[in-house]
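Asks: Pasting a structure here, questions to come.
The values are calculated or read from the model by the stated rules, or taken from the named source; none is laboratory data. On a predicted model such as this, the values are computed, not experimentally measured, just so you know. Using ideal geometry, Cβ is built from the backbone for each residue, glycine included, and neighbour counts are taken over all protein chains shown. When the accessible area is computed, the model is the full protein with side chains, heavy atoms only, and any ligands, DNA or RNA have been set aside. Shrake-Rupley method; radii C 1.70, N 1.55, O 1.52, S 1.80 Å.
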Amino acid sequence: MFLSYIFWDPPRVAFTIPFIDHPIVWYSLFFAGGFFSGYLIAAKLLCSFLKPTRENASKTAFTFLDHLAWYVFIGMLVGAR
């Protein structure tokens, strides 16, 4: 018998934390993965654009990147709701 359609209904829960019985859903894993990979890419680009001889500029730039990461994280939480 040939089916002429595809029924796509993946499970919403990726896994459950055993001790507190809390489900972790797929979209939260994708949010976290996107956030961390974006942070790593931004840090890599920042390292490639800064010269290693300018220690003070590098420290200031990474402080800015850390603050930016917090703002993006808070915006992600507010925007997701």
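Asks: Go through segment 68-81 and report how many residues are closer than 16 Å to F30 by Cα and surrounded by 12 or more Cβ atoms within 10 Å (Cβ to Cβ).
Replies: Number satisfying all stated conditions: 3.
Asks: Does L65 satisfy the criteria of being in contact (Cβ under 8 Å) with a residue 12 or more places away in the chain and either open to solvent by 90 Å² or more (accessible area, probe 1.4 Å) or closer than 28 Å to P10 by Cα (or both)?
Replies: Against the criterion (in contact (Cβ under 8 Å) with a residue 12 or more places away in the chain and either open to solvent by 90 Å² or more (accessible area, probe 1.4 Å) or closer than 28 Å to P10 by Cα (or both)), L65 does not qualify.
Asks: Give the residue that is modelled with the highest pLDDT, with candidates limited to residues of segment 20-57 that are assigned to a loop (DSSP other than H, G, I, E, B) and of a type in the set (V, I, T).
Replies: My answer is I20.
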